[in-house]
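Beneath this line is the structure, given in structure tokens, with notes to follow.
Values quoted throughout were computed directly from the atomic coordinates according to the rules given, and no laboratory measurement underlies them. Keep in mind that what you see is a predicted model, and the values were worked out from it rather than measured. Every residue, glycine as well, gets a Cβ built from its backbone with ideal geometry; the counts of neighbours run over all protein chains shown.
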Amino acid sequence: MRRVKSMLLTVGCAGMILGAGYFVIVKSGQKVLEKERVLEESVYEDTSSNIFYGKIEENIELFPWNCYPEEGEEKILGEYPRFGELMLQVNDKNMEEELKSLQEWYLYQLIAGECDTSIDNVRNWYTKNETNIMDHMVMVDNFQNGFLYFYQDILQLEEKQFQVRIACNEWNIISFTCMEYRNGQKRDWNVWEQGKEKLVTVLESMEEEMKEYFEYMLASRYQGLIGFYDDERGEYLNTYLEGFHWLKEILRGKKSEDVYVPEEIQIIFEKLGYYAKEQAQVSLSDDMEKEECNVENVELDYSYQIVELKNMILLLMQREQQTLGVYYDPIAQRFCGYNFFYEY
């Protein structure tokens, strides 16, 4: 009888632990899936850290791509975003072609950086195929998020194929991925696990650097900052391309003091971090003494959720109701995209 009771107690405790883990993953998953969709295949692993794990076996689309028109639905063509307008200061309809050209070049920079090739090679591919990005975007008038613009294609560069997916709102690039296209190739699970393990190691050993990258991306988004002039280098820089460079340095194990961050960016994300601490302060318990609750003492809690998708890993970086998704290719062991959520 004692053995039966002991077994039942063990099973009950195990169920409670698994249930708690599942609850953690579902709640974090709800933060990034529109319309309260959850990560149905999530699995919890106890790492005694702020890193959680999940897995999705099916092809599901996260925001903003879940707003992309399904087959048979009407697609609006011929429209494009205006994220480069502030840089160009367009005030004349005759400059529309210049705006489109600027935005094309900006996206060519991102693609070239992720494909380890030159911008000229990317431009030549589009010229050879008599196509471009701006004229082949699909626009959606989403009642919650306003106008959304989508582009996707498969490019042949440097004897490899790369899948490019871009989503924009009117003034920013809210989702960009570019990774090697391996359709039909059998996945090497040993290589996949090695790549995943490297990502975990980076998250555990480069926590401060990942926090700073998080602040950098949020600052860029909220300021609508797609480019800036760097006095030290004497040139205009592509904000999101710099973000990818930053992630590459993090994967190499370079600490913050070894990575150059332009002063303009430092000021912006320091202000954003201060604002986030103010928000965290407001959410603290009213029972706390006022002198114990000040902005400088508030510690922001960051957590990471590694979600294995069918062909890549989605790293969800979360803090105080803010979420940034970063895509990671475990086969190539490199970051291959980013995704902003909740563009309301």
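Taking other residues whose beta carbon is less than 12 angstrom from the beta carbon of ILE166, and scoring Lys, Arg as +1 and Asp, Glu as -1, yields -2.
Compute the signed sum of charges (Lys and Arg +1, Asp and Glu -1) over the other residues within less than 14 Å, Cβ to Cβ, of ASN124. Combined, the nearby Lys, Arg, Asp and Glu give -2. Translational diffusion of segment 113-247, estimated by Stokes-Einstein from the Kirkwood radius over alpha carbon pairs at 20 °C in a medium of 1.002 mPa s, is 121 µm² per second.
Under 13 Å from a label point set 7 Å out along the Cα-to-Cβ vector of GLU73, the amide N atoms of segment 140-174 belong to 140-145, 148-150.
Within the shell of other residues whose beta carbon sits under 10 angstrom from the beta carbon of ARG319, the net charge comes to -2, with Lys and Arg scored +1 and Asp and Glu -1. Volume per residue of the convex hull around the Cα atoms, evaluated for segment 147-191, comes out as 107 Å³.
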